[in-house]
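In what follows, a single structure is set out as structure tokens and then discussed.
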Amino acid sequence: VQLQASGGGVVQAGGSLRLSCAASGSISRFNGIGWYRQAPGKERELVASISRDGTINIVNSVKGRFTISRDNAKNTVYLQMISLKPEDTAVYFCYANPNAVSLYWGQGTEVTVSS
């Protein structure tokens, strides 16, 4: 599985971005797909995920501001981010769990939120 992430950039606080992650496989069959982020000097953290049955999990720190969605026809998962804060600054990585034993990462896309 190959994952191609895009959509990062530099925005002012309060701004919006939409990240995209295009997968080479059929994401509707994946156990899960979603986004992690890693801020400078911090550990990578799970931001949002969608499971095969459509269950969505979003970390508390971004609830109400970030939305994860997927387009199965395009094999693409999106992370819509609004009301961005400087603390959202990080490299965002998409990942995919096609099954219980496989994990794939996309290249990171950098998000910088200026105050």
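The values are calculated or read from the model by the stated rules, or taken from the named source; none is laboratory data. Everything quoted here is computed from the prediction, not taken from an experiment. Ideal geometry is used to build each Cβ from the backbone, glycine not excepted, and the neighbour counts take in all protein chains shown. The area values use the complete protein model at the heavy-atom level, side chains included, leaving out ligands, DNA and RNA. Shrake-Rupley method; radii C 1.70, N 1.55, O 1.52, S 1.80 Å.
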Query - Accessible surface of the chain [probe 1.4 Å, protein heavy atoms]: carbon and sulfur percent - result: 47
Query - Pairwise label distance in nanometres, Asn99 with Glu43, each label 7 Å out on the Cα-Cβ vector - result: 2.9
Requested in this report: Could I have the simple spin-label model distance between Ser83 and Ser61, label points 7 Å from Cα toward Cβ, reported in nm to one decimal?
Outcome: 1.7
Query raised in the report: How many angstrom lie between the C-alpha centres of region 78-105 and region 28-50?
Result: 4
Query - Stokes-Einstein D (µm²/s) once Rh is taken as the Kirkwood radius of the chain over alpha-carbon pairs, at 10 °C in 1.306 mPa s - result: 114
Report summary line: If unit charges are put on Cβ atoms (+1 for Lys and Arg, -1 for Asp and Glu) and the dipole of region 1-103 is taken about its Cα centre, the option from Ser28, Ser83, Ala39 lying farthest towards the positive end turns out to be Ser28
Requested in this report: Return the lysines within reach of Lys85: Cα separation strictly under 22 angstrom, same-chain partners fewer than 8 residues apart disregarded; answer none if there are no such residues.
Outcome: Lys42, Lys63
Query raised in the report: Expressed in nm to one decimal, what extension gain is obtained for the pair Asn31 and Ser114 from 0.36 nm per residue of sequence separation less their Cα-Cα distance?
Result: 26.4 nm
Query raised in the report: Of all DSSP beta bridges located in region 1-88, what percent are antiparallel, nearest 5?
Result: 100
Requested in this report: Find out how many positive minus negative residues lie around Cys94, taking Lys and Arg as positive, Asp and Glu as negative, among other residues whose Cβ is under 15 Å from that of Cys94.
Outcome: +2
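Given 0.36 nm per residue, what is the gain on full extension from Arg18 to Asp53 after removing their alpha carbon distance, in nm?
Contour length minus the Cα-Cα distance gives 10.3 nm.
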